[in-house]
Each structure stands twice: as structure tokens, then as C-alpha cells.
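One structure below.
The values are calculated or read from the model by the stated rules, or taken from the named source; none is laboratory data. In this text the structure is predicted, and so the values were computed from the model without any measurement. Counting neighbours? That spans all protein chains shown, and the Cβs are built from the backbone with ideal geometry, glycine included. These area figures cover heavy atoms from the full protein model, side chains too; ligands, DNA and RNA do not enter into them. Shrake-Rupley method; radii C 1.70, N 1.55, O 1.52, S 1.80 Å.
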Amino acid sequence: SLVPMDAGPFFSNLASFLVRRLHRATEMAMIAAHGRVPGMRTAVVALGKNGSGEVTAGSDLDLALLYDHAPDEIASDGPRPLIGSQYFARLSQRLISGLTSPTSEGRLYDVDLRLRPSGRNGPIASHIDGFASYQATEAWTWEHMALTRARVVVATEGFGPVVEAAIRDALRRPRDPAKTRADIVEMRKMISDEKGESDFWDLKHAAGGIIDLEFI
């Protein structure tokens, strides 16, 4: 038997393995149907507990999907060509469907994409340049807090370091300490207002509980 602290990495490694296998199968299916976009590169980034290696038996997977291609918006070269943004959106949708579709044995995982750039309003897959620009100019402090857990699960050869560099640049940018503290306090208060913090046995949301440890 394993204590929860030891089980987290095992559950996380299993999730990463399944995402890698499904990503490969999905990409091969897309290439068979639509060909390749010139210069195409893709990556799946784990966030939340998935990113920090703390997945539990009931966890969903926080994911962000990034891509790159040749500078011009060129269509794929297959029998049913798609332009880049359409191609990678469809690839991402297929990957998520593979993870979430119900089967006779249940579904693999629920997937949460709310931590992607622009949250629910953002595209399902983001170009790496758009991701870097968003993190530098538009992202809220809480989004950078979430980015501290980011981990590249799978990437086209040579693309992983590019994604990691974009994440590293976002986290190392200069910040106003007073504004950062104020943003963190505001975010913590929003969670408290929504979830409450007075239940002593709610170890996650209680004052001084897991949420506060994670914020620290």
C-alpha cells in the first residue's frame, strides 16, 4: 500500500503515459486524414495537480495544448486539407475526446482546459507565439501562479525546450511585489467567498489548509 504522498507520482506518471500514447495515436489519425501542416510541432502541457505530480484516483487533468508551424498559414498536405489553426484545434478535440469518452469501463479522465490562455474564452489549442505574448502582456497573476506547476508531458522533438523556455520567461519577468501580493490576497479571498473556509474538516479550503499552503 502507498501513502497519498507516494501515490501521487504513480498516478501522475500513469496519466502522462496515457496522454503520450493518445497524443501519438491522434496525431497519426490526423496525418492519415488531413496530412501534415508544414513545420508542424505540438505539445501537451500538464497544469494543476497533474503538472506537480499530485494526481489522485479521482483527479481530472488540467491541460494546455500548444503548437507551431511554418510562418505562413499554409494548409495541410493531405486528402482533406485544413489550415493550421483548424488542424490543431481538431487534433486537440480528438485528443480530449479520447481521454473523456465514456466506455464500458468508464472514461479515462475528465479534462479541464480552463487554465489555457484566456480560459474558457480562449482557443482550444494555442500557437506558441500567441501563448508567449499572452503570458507577457495579458495573463493575470493567478495564471502565472498556475504556470509554476506547468510540465511538458509530450512534445514533438525539439519543441519541448521551446515551450519550457516560454514558460520560464513568463515566470521570470519582473513584477511589482506590492501588486503581486495584492493580487494573491484578492484571489485567495475569491476562493474563500466561493468555497468557504470555516469548515475545520475541509482540509483543502479551510483557513490554513491546503489552498493556503499551495499559495505560499
| said: For region 160-204, give me each residue that is over 24 Å from Ala150 (Cβ atoms) and of a type in the set (S, T, N, Q). | reply: Ser192, Ser198
| Does any residue in region 106-131 that is under 18 Å from Arg151 (Cα atoms) and of a type in the set (Lys, Arg) come within less than 6 Å, Cβ to Cβ, of a residue that is surrounded by 13 or more Cβ atoms within 10 Å (Cβ to Cβ) and modelled with pLDDT of 85 or more six or more places away or on a different chain, and which pairs are these? | Arg116/Ala64
| Taking helices (runs of 4 or more DSSP H) that do not extend beyond region 84-151, which have at least 2 residues that are within 12 Å of Leu63 (Cβ to Cβ) and β-branched (Val, Ile, Thr)? | 84-100
| note | Pro174: passes all of (1) farther than 19 Å from Ser118 by Cα; (2) in contact with an Asp or Glu (Cβ under 7 Å, 6 or more places away or on another chain) but (2)
| note | Checked region 173-216 for anything over 21 Å from Gln135 (Cα atoms), among the polar types (S, T, N, Q) and open to solvent by less than 70 Å² (accessible area, probe 1.4 Å); matches are Ser192
| message | Among the residues that make up region 115-122, is at least one of them under 19 Å from the mean Cα position of the chain (by Cα), open to solvent by less than 90 Å² (accessible area, probe 1.4 Å) and at pLDDT 90 or above? | response | no
| request: For region 85-92, indicate whether the set of residues that are open to solvent by 50 Å² or more (accessible area, probe 1.4 Å), of a type outside the set (S, T, N, Q) and under 16 Å from the mean Cα position of the chain (by Cα) is non-empty. | output: no
| query | Which residue pairs have Cβ atoms under 8 Å apart, sit 6 or more places apart or on different chains, and have a first residue in region 189-216 that is of a type in the set (Asp, Glu) and a second that is open to solvent by less than 50 Å² (accessible area, probe 1.4 Å) and assigned to a loop (DSSP other than H, G, I, E, B)? | reply | Glu197/His205; Glu197/Ala206; Glu197/Gly209; Asp199/His205; Asp199/Ala206; Asp202/Gly196; Asp202/Gly209
| Test result for Ala170, in a helix (DSSP H, G or I), modelled with pLDDT of 90 or more, surrounded by 13 or more Cβ atoms within 10 Å (Cβ to Cβ) and touching a His at 6+ places or on another chain (Cβ under 7 Å) | yes
| remark: Filtering region 152-167 for residues that are open to solvent by 60 Å² or more (accessible area, probe 1.4 Å) and either modelled with pLDDT under 95 or in a loop (DSSP other than H, G, I, E, B) (or both) leaves a count of 1
| Is there a residue being within 28 Å of Asp6 (Cβ to Cβ), open to solvent by less than 20 Å² (accessible area, probe 1.4 Å) and in a loop (DSSP other than H, G, I, E, B) anywhere in region 72-79? | no
| field | Selection within region 10-53 - within 15 Å of Leu91 (Cβ to Cβ), assigned to a helix (DSSP H, G or I) and open to solvent by less than 50 Å² (accessible area, probe 1.4 Å) | value | Val19, Leu22, His23, Thr26, Glu27, Ala29, Met30, Ile31, Ala33, His34
